[in-house]
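Structure first, commentary second.
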Amino acid sequence: MRKSLANKLLIYFVVLNLLSILIVGIFAYTQAKDALILRTFNQLTSVRIEKKKRVEDFFQQCIHEIEAISTLTFSFPPEKSTVNLSHFISDHRIFKTVFASLLTGKQNYKSIYLYQSNTVSSGFQIKPKTGDLSQTKLQPEHLQLFAGLLPKNEISVRELLNPKDQSKTEILICKTISFQDQKVVLAFGINTEIINSIMLDRNPLNGLGKSGEAYLVGEDHLLRSTSRFQENSIYAVKSSTKGVKLAFQDSIGSDIFKDYRGVQVLSSYSKMNLPDLNWVILAEIDQHEAMIPIRNYGNSMFYILIILSLLLLGVVAIIANTITAPIRKLRAETEKISSGIYEQVTDIKADGEIMELVAAFNQMTQKIKEQQENLQIAKDQSISSMIDGQEAERSRLARELHDGLAQTILAIKMRLENTAPENAAAVLGESREMFSDLMTEIRGMSNDLMPAVLREFGLNHALGSLLQRIEENSLLQTDLQIQGDLPEISKKTETYLYRIAQEATNNIIKHGQAKNINIQLTQKADYLFFEIKDDGIGLPLNGIHKNGNGLSNIKERISILGGNVFLEEEYPHGLKVQCKIPLVKISV
């Protein structure tokens, strides 16, 4: 179903404006989304930096406390003394004063270990709130660690993994204390709940929303702080995400990737600055939650787009109807033209381009009227030319029949009727020769109408025969050039090309005053080129032969074949008639 111009304008305007609104909307949405992601990254980075500083400060505080304790004066019993080291420590005045206040105040520690040798060592578990010590046995991994630290004097932080139960892994701050040629490793087990309380914050106003979390990861890619989503995650849940790998490469940044749960998150990551601990910290929030504001913004933009589209549709419909009203009037006038009524349009009220269109329409109407008249004249001339040609051909045949065949037959008849019996043999011989000449003349007339050689042997032999007859009956020299393997063409095309060659050579013989005639037939690309060239006087200056029946017939035949005719003056004299015919029109 065809659409009217008004409908097309309506569709084009609506589509164009919708595209404009859509492009602006997409641009605004993209900008808002990028701004939201940047703001979320900044917020996550702030949370990460804040928690990183608190954790690092906690470790520094613990280290400073251990350093302070290590500067106090201790007197240890001899190594071979029968005094139990644990009883000595628990009864020592320093442990009853400094340690008691330290342990019950901040609750930063959950265990204390003293190591003098594999046989002289003690361990204590610190009871929350009261700070009371309960003795515990050192495990083999404790003894191995402390034996290696005994010769060293600096404070060190160690993760002591429990191979049987990783949830019981300890983080120890160790210091070797020397007094009177005796060395004892003093180690405090950090209370990891304090680290968890720093990292795990379920308050939705903390900048991490409902799905965000900050967590620590060790160099084995296991979590070092409690997960918000999984219980018993410390040293149990593995996180080998893109952010973890980049942070361990000393990279600081933010990105979007899947976290250890396989959920797409926005993440900010960096490495922790902790002595002897190779940890990284990440602050993350689910992308779904982070993008809630932008989804709400997109929904609002969608509703606004629908409202604007409806308003725009009404406005554009009115504009399109106003613009196309004069055009609809012109369309009605064109229907009159198609029925043969050529009238000027005067009742359209418009300005600008519409008035120019009306003026152009009136001018077109006048030109169509003139062209129709000229076409009728050309049609009449073409029909007249065709009839004249047919009559000329009939007159020629009548003359040849009357002047040639009829006279010869009459002569033979009279010769036979007036022959005496004694001369019958001689007259019969002469009659045979006259009948032979008669048959030759009939064959010539037949060849002029439709050469047998064209019908039986094709165009190439027919053209050669035509040029041979020209040389036999005139002083002209001829040349036929067939270049390459020509495609197989239809019989109709062969007949047309042969007639064109006849027409052109007749014109050369009658008007050209030429000495040589050249016919060339060749294929180039998808076209067949047929050229007839002579070295005569060419076209007269007044062009008297240019539009004569001969060239007109050539152009009409080539036009029927879908080709074109080109006339070129040859230097220094002569004329070339070139016919260019598409092979698709003439192939079998």
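Taking segment 214-262 as the region of interest, how many residues are open to solvent by less than 50 Å² (accessible area, probe 1.4 Å) and in a loop (DSSP other than H, G, I, E, B)? Residues meeting the conditions: 17. Figure legend. Inter-residue proximity from segment 174-185: first residues more than 13 Å from residue 149 (Cα to Cα), second residues at pLDDT below 80 and open to solvent by less than 40 Å² (accessible area, probe 1.4 Å), beta-carbon distance below 6 Å, spacing 6+ or different chains. Indicated pairs: 179/74; 182/76. Taking segment 268-277 as the range and being open to solvent by 40 Å² or more (accessible area, probe 1.4 Å) and assigned to a loop (DSSP other than H, G, I, E, B) as the test, the residues that pass are 273, 275, 276.
Of all residues in segment 283-299, exactly one satisfies the criterion of being open to solvent by 20 Å² or more (accessible area, probe 1.4 Å) and assigned to a strand (DSSP E or B), namely 286. Would it be correct to say that residue 517 is in contact with a strand residue (DSSP E or B) (Cβ under 9 Å, 6 or more places away or on another chain), of a type in the set (A, V, I, L, M), open to solvent by less than 20 Å² (accessible area, probe 1.4 Å) and without any contact (Cβ under 8 Å) to a residue 60 or more places away in the chain? Judged against the criteria, residue 517 is a match. Criterion applied to 559, 552, 490 was being without any contact (Cβ under 8 Å) to a residue 40 or more places away in the chain, among the hydroxyl-bearing types (Ser, Thr, Tyr) and closer than 29 Å to residue 457 by Cα, and the one residue passing it is 559.
Taking each residue of segment 321-336 that is in contact (Cβ under 8 Å) with a residue 24 or more places away in the chain and looking for partners that are acidic (Asp, Glu) and exposed (fewer than 15 other Cβ atoms within 10 Å of the Cβ) with beta-carbon atoms closer than 8 Å, six or more apart or interchain, yields 333/343. Which one is modelled with the highest pLDDT, of the residues in segment 164-187 that are open to solvent by 10 Å² or more (accessible area, probe 1.4 Å) and within 26 Å of residue 230 (Cβ to Cβ)? Selected residue: 170. Going residue by residue through segment 534-544, is there one that turns out to be outside any loop (DSSP other than H, G, I, E, B) and open to solvent by 50 Å² or more (accessible area, probe 1.4 Å)? No, the conditions are met nowhere in segment 534-544.
So, residue 280, is that one surrounded by fewer than 18 Cβ atoms within 10 Å (Cβ to Cβ) and of a type in the set (Val, Ile, Thr) or not? Against the criterion (surrounded by fewer than 18 Cβ atoms within 10 Å (Cβ to Cβ) and of a type in the set (Val, Ile, Thr)), residue 280 does not qualify.
Find the strands (runs of 3 or more DSSP E) located wholly in segment 112-201 whose residues include 2 or more that are within 20 Å of residue 60 (Cβ to Cβ), and list them.
Details: elements: 121-126, 133-136, 156-160, 170-179, 182-190.
Correct list: 156-160, 170-179, 182-190.
Among the conditions (1) modelled with pLDDT under 75; (2) assigned to a helix (DSSP H, G or I); (3) open to solvent by 80 Å² or more (accessible area, probe 1.4 Å), residue 307 misses just one, which is (1). On the stretch given as segment 445-473, residues that are within 22 Å of residue 532 (Cβ to Cβ) and modelled with pLDDT under 70 total 5. Restricting attention to segment 474-485, the residues that are open to solvent by 50 Å² or more (accessible area, probe 1.4 Å), on the phi < 0 side of the Ramachandran plot and not in a strand (DSSP E or B) total 2. Among the residues that make up segment 32-50, is at least one of them modelled with pLDDT under 65, in contact with a Ser or Thr (Cβ under 9 Å, 6 or more places away or on another chain) and surrounded by 15 or more Cβ atoms within 10 Å (Cβ to Cβ)? Looking through segment 32-50, none of the residues is modelled with pLDDT under 65, in contact with a Ser or Thr (Cβ under 9 Å, 6 or more places away or on another chain) and surrounded by 15 or more Cβ atoms within 10 Å (Cβ to Cβ). Among the candidates 10, 18, the residue that is at pLDDT below 85, open to solvent by less than 70 Å² (accessible area, probe 1.4 Å), under 30 Å from residue 294 (Cβ atoms) and of a type in the set (A, V, I, L, M, F, W, C) is uniquely 18.
The values are calculated or read from the model by the stated rules, or taken from the named source; none is laboratory data. Source: prediction; values computed, not measured. FYI the Cβ positions are ideal-geometry reconstructions off the backbone, even for glycines, and counts take in every protein chain you see. What goes into the accessible areas is simple: the full protein's heavy atoms, side chains included, and nothing from ligands, DNA or RNA. Shrake-Rupley method; radii C 1.70, N 1.55, O 1.52, S 1.80 Å.
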